[in-house]
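Let me begin by presenting the structure, written as structure tokens, before commenting on it.
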Amino acid sequence: MPMQTQPPKKRSRLFSLFLWHRYIGLVAAVFVILLSITGIMLNHTSQLSLDHTPVKSAWILSLYNIEIPEPVSFKLETHTLSQLGDQLFINETPVGESASRLVGGIDAEGMIVAAFAAEVRLYTTDAELVEKLSLKRRMNTPLSAVGKNADGHLILLAGGQAWRTDTLFEKLIPVNPAAATFIAANTTLNNAVRKQLERHYAGHDITLERVTLDLHSGRLFGAFGVVVADIAAILLIILAASGVWLWGLRKLKARLHHRHPRKHPRHKHKAKYPVTTNRE
Amino acid sequence: MRPLLILLLLFYSITPAARGVYQTPDDFIAETFSHTAPDNTVLWLRGDVKREINKILGHDYATLRVRYWGNGKRTAWVLEEIGKEKPITVGLVINENRIEKIRVLEFREIRGWEVRHAFFTDQFTNAELIPGHGLSQPIDSITGATLSVDALKRLAELALYFHSLTPYADANAAT
């Protein structure tokens, strides 16, 4: 008599669900760890100073595609005054921001005078800010340059008119602009210095908090990262739902077995491999 | 539905105006001394002054000197202090060692802008400095604007202290 092979018994749905739950769990584990770590970091942003720590990694900054503007700089006697976008630098030291354009710089009375269209700023030679002063009302036209006359007095140029003053700016005395020397802007910076300024410029608005938020949401890797983060979220929901379902079924089975042990045995033994019988 | 639309419109019309420049420092000074041209000079923040500033603000002031305008027993100051993350520019007028006026000139943050309104700044009128560098009258806070409120309180104390260092301080002002 030919051998008869019993068809393999179908895997129970419960077991299939368990297998899915296990594999989804393995895949989701990576995301759970990442989300947990970034979530804890975001919960302690202030303590970790994430919002005040600029990013310096060129690789991370490159992900943000930050456009670096052309610098404007003025070569002073012992310092270089530069502006990159809205950020101001004395040599390579960032000394603040200004939405107004840098129009001139000069050494005067042991201080550095930075002239913008709408204001002047005084710094010590150690790059400490002495004062910010608006001259808009007193001059009526935007500043266009700052220089010195032959006596070393500070000269401000605005709308073709020049004024002599000092670093207290208490008085502005009209003078002939031809008698003053103004330093011209210089856009060619030493490469190493330029790289340093660009790195600071790019990292200025990108803090560790920003990067952590973008990593948490997946946005750090653009639209692809967002889709992956969404898929991870869906997997976690499926994981939670399947876990609760499995737990619930086990509870139900245990209760039924307790009430009717013969009708609902605790374990149904299923053949792992096809059962072959020889009948004669 | 219509009330909801009106509310939404109001919300979006109010919110963008919260952050901005309300008055320039030049206009504030011109308004303060509308009848008499003030003297304008600087106060250097060094040594003991720097230490006192640190006690009031909890940190150094942003600049090494501050400019002020004075006439008679009045001085006007334009000072800045950080609320949460960005500086708030405030104009203050001190008269006979008391606060005459406080005005928020520029507010740069998204939240806390309620401090610019008169219902809040009027609380500072006639406040003076008491030993230990507190204000002589309580200032009620605003829910959701605590940091901005604290910044203005610190600036009020600072302006009163700075005024006491100027020749315009009234040595005989009644307390």
Using the charge dipole of the protein assembly as shown (Lys, Arg: +1 at Cβ; Asp, Glu: -1 at Cβ; taken about the Cα centre), state which of A:Phe31, A:Ala145, A:Ala158 has its Cα farthest towards the positive end.
A:Phe31
Å² per residue, accessible surface of region A:63-146 at 1.4 Å
43
Could you give each residue of region A:29-35 its phi-based ³J(HN,Hα) in whole Hz, using Karplus coefficients 6.51, -1.76, 1.60 with θ = phi - 60°, and x for Gly or Pro?
4, 4, 5, 4, 5, 5, 5
List, in order, the whole-Hz ³J(HN,Hα) value for each residue of region B:108-123 obtained from phi through the Karplus relation with A = 6.51, B = -1.76, C = 1.60 and θ = phi - 60°; use x for Gly and Pro.
10, 9, 7, 10, x, 5, 4, 5, 7, 7, 4, 4, 8, 5, 5, 5
Using the Cα centre of chain B as origin and beta-carbon charges of +1 (Lys, Arg) and -1 (Asp, Glu), tell me which of B:Ala62, B:Thr121, B:Ser34 is placed farthest towards the positive end of the dipole.
B:Ala62
How large is the charge dipole for region B:98-175, taken about the Cα centre, if only the Cβ atoms of Lys, Arg (+1) and Asp, Glu (-1) carry charge, to the nearest 20 debye?
140
Any chance you could get the radius of gyration and Dmax over the Cα atoms of region B:88-175, in Å?
12.9, 43
Counting only other chains, what is the mean number of Cβ atoms within 10 angstrom of the Cβ of each residue in peptide A:132-144?
2
Give the peptides B:31-37, A:89-95 in descending order of average Cβ contacts within 10 Å, highest first.
A:89-95, B:31-37
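Can you compute the equivalent ellipsoid semi-axes for region A:140-206, i.e. the square root of 5 times each eigenvalue of the Cα gyration tensor, sorted largest first and rounded to whole Å?
In descending order, the three semi-axes are 32, 14, 11 Å.
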Suppose R0 equals 22 Å; then what is the FRET efficiency for A:Ile173 and B:Gln23 from their Cβ-Cβ distance, rounded to the nearest 0.05?
0.15
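Report, as an integer, the average count of C-beta atoms from other chains found within 10 Å of each Cβ along B:63-76.
Taking all residues of B:63-76 together, the mean is 2.
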So if we plug the beta-carbon distance of A:Asp126 and A:Ser16 into 1/(1 + (r/R0)^6) with R0 = 60 Å, what FRET efficiency do we get, rounded to 0.05?
0.25
Got a sec? Charge dipole of region A:39-130, +1 on Cβ for Lys and Arg, -1 for Asp and Glu; which of A:Leu48, A:Thr80, A:Ala108 is way out at the positive end?
A:Leu48
In debye, nearest 20, what is the charge dipole magnitude of region A:27-121 about its Cα centre with +1 on Lys and Arg Cβ and -1 on Asp and Glu Cβ, if you could check?
300
How high is the FRET efficiency between B:Ile130 and A:Thr53 when r is their beta carbon distance and R₀ equals 41 Å, given to the nearest 0.05?
0.55
Using modelled backbone amide H atoms (1.01 Å from N, in-plane), which distant-in-sequence or interchain residues come within less than 5 Å of A:Phe116's amide H?
A:Val103, A:Arg121
Convex hull around the C-alpha positions of the protein assembly as shown: the volume in Å³ per residue is 284
Non-local amide H neighbours of A:Ala145 (under 5 Å, H modeled in plane, Pro and chain starts lacking H): which ones?
A:Leu157
Over all Cα pairs of chain B, how is the pair count split among 5 Å bins, expressed in % and running from 0 up to the last occupied bin?
1, 8, 17, 20, 20, 15, 8, 4, 3, 2, 1, 1, 0
On full extension of the chain, what length is gained from A:Phe224 through A:Trp247, given 0.36 nm per residue of separation minus the C-alpha to C-alpha distance?
4.9 nm
Karplus 3J(HN,Hα) series, Hz, for region A:171-181 with 6.51 cos²θ - 1.76 cosθ + 1.60 (x for Gly, Pro)
10, 10, 10, x, 9, 7, x, 5, 7, 10, 10
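The values are calculated or read from the model by the stated rules, or taken from the named source; none is laboratory data. Just so we're clear, the structure is a prediction, and the values are computed from it rather than from any experiment. Ideal geometry is used to build each Cβ from the backbone, glycine not excepted, and the neighbour counts take in all protein chains shown. Ligands, DNA and RNA are stripped out before the accessible areas are found, and what is left, the full protein with its side chains, is counted by its heavy atoms. Shrake-Rupley method; radii C 1.70, N 1.55, O 1.52, S 1.80 Å.
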